[in-house]
Amino acid sequence: VKILGAFAAPFAFLIMLIVLTFPIVPETARVEFRSYWIFTHVIAILTGEAAFALACFAGIMYLIQEHAIKSKKRGFFYKRLPSLDLIDNTGYACIMVGFILLTLGLILGIVYAKMINGSFWSWTPKEICSGFTWILYAILLHGRLSTGWHGKRAAVMAIIGFAALLFTFFGVDMY
């Protein structure tokens, strides 16, 4: 689904603009962060989050296309977006990949936390929000596989899940 890039590129550009506002002063990594465990944890989490971002954009595309079909206004997006089934299946595939990688990343983080802190779970706000986000995507996948959540409901849940993920990634550290 090539058109997905039209949604992902502005988001990537926005993130790059935000990163430009960060200070450029390099810091030496603490000894705890110089480990294979933390490296694989971060790579798995970020790749999973990228898949969830694509699922969110697929959800937005689904809602735009569905609105164009229902309103019978063959506007700008109608001819450029693929069928609703293809968008829905693409979003589902992205959520499956993202969920597997998020699960792997969380497991790696929990194991590494045990090695460093002596406990698997510290009940920090970041850990709580990460667990909540994982549960939210688990509910979405369960609903899709067991009760047939497809279409608009799945698209809205993918968008809500990504909003929760963004809060976990950015919002928790700000507050």
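The values are calculated or read from the model by the stated rules, or taken from the named source; none is laboratory data. Being a predicted model, the structure only gives us computed values, none of them experimental. Backbone-built Cβ (ideal geometry, glycine too); neighbour counts: all protein chains shown. Ligands, DNA and RNA are excluded from the accessible area calculation, which covers all protein heavy atoms including side chains. Shrake-Rupley method; radii C 1.70, N 1.55, O 1.52, S 1.80 Å.
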- Any chance the stretch 97-109 includes a residue that's touching an Asp or Glu at 6+ places or on another chain (Cβ under 9 Å), on the phi < 0 side of the Ramachandran plot, crowded, with 20+ Cβ neighbours inside 10 Å and at pLDDT below 90? yes
- Would you tally the residues in the stretch 5-31 being open to solvent by less than 70 Å² (accessible area, probe 1.4 Å) and either farther than 30 Å from L140 by Cβ or at pLDDT below 75 (or both)? 1
- Item | Residue in the stretch 144-175 that is modelled with the lowest pLDDT, counting only those that are surrounded by fewer than 14 Cβ atoms within 10 Å (Cβ to Cβ) and not in a helix (DSSP H, G or I) | Y175
- Kindly check whether there is at least one residue in the stretch 140-156 that is aliphatic (A, V, I, L, M), free of Cβ contacts under 8 Å to residues at least 12 places away in the same chain and closer than 14 Å to Y92 by Cβ. yes
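Out of contact with any strand residue (DSSP E or B) (no Cβ under 7 Å at 6 or more places or on another chain), open to solvent by 80 Å² or more (accessible area, probe 1.4 Å) and in a helix (DSSP H, G or I): is that true of M115 in this structure?
Values: out of contact with any strand residue (DSSP E or B) (no Cβ under 7 Å at 6 or more places or on another chain): yes; open to solvent by 80 Å² or more (accessible area, probe 1.4 Å): yes; in a helix (DSSP H, G or I): yes.
Taking the combined requirement at face value, the residue satisfies it.
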- Looking at the stretch 70-89, is at least one residue surrounded by 19 or more Cβ atoms within 10 Å (Cβ to Cβ) and either without any contact (Cβ under 8 Å) to a residue 12 or more places away in the chain or assigned to a helix (DSSP H, G or I) (or both)? yes
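Name the residue, out of E66, E127, that is within 22 Å of the chain's Cα centre (by Cα) and part of a helix (DSSP H, G or I).
On the way: E66 fails: within 22 Å of the chain's Cα centre (by Cα).
One residue alone meets the criteria, E127.
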- Message: Taking the condition of being at pLDDT 85 or above and either exposed (fewer than 14 other Cβ atoms within 10 Å of the Cβ) or among the acidic types (D, E) (or both), how many residues in the stretch 32-45 meet it?
- Response: 1
- Conditions (1) open to solvent by 50 Å² or more (accessible area, probe 1.4 Å); (2) under 16 Å from L54 (Cβ atoms); number of the one not met by L141: (1)
- Restricting the search to the stretch 118-138, which residues are open to solvent by 40 Å² or more (accessible area, probe 1.4 Å) and hydrophobic (A, V, I, L, M, F, W, C)? F120, W121, W123, I128, F132, W134, I135
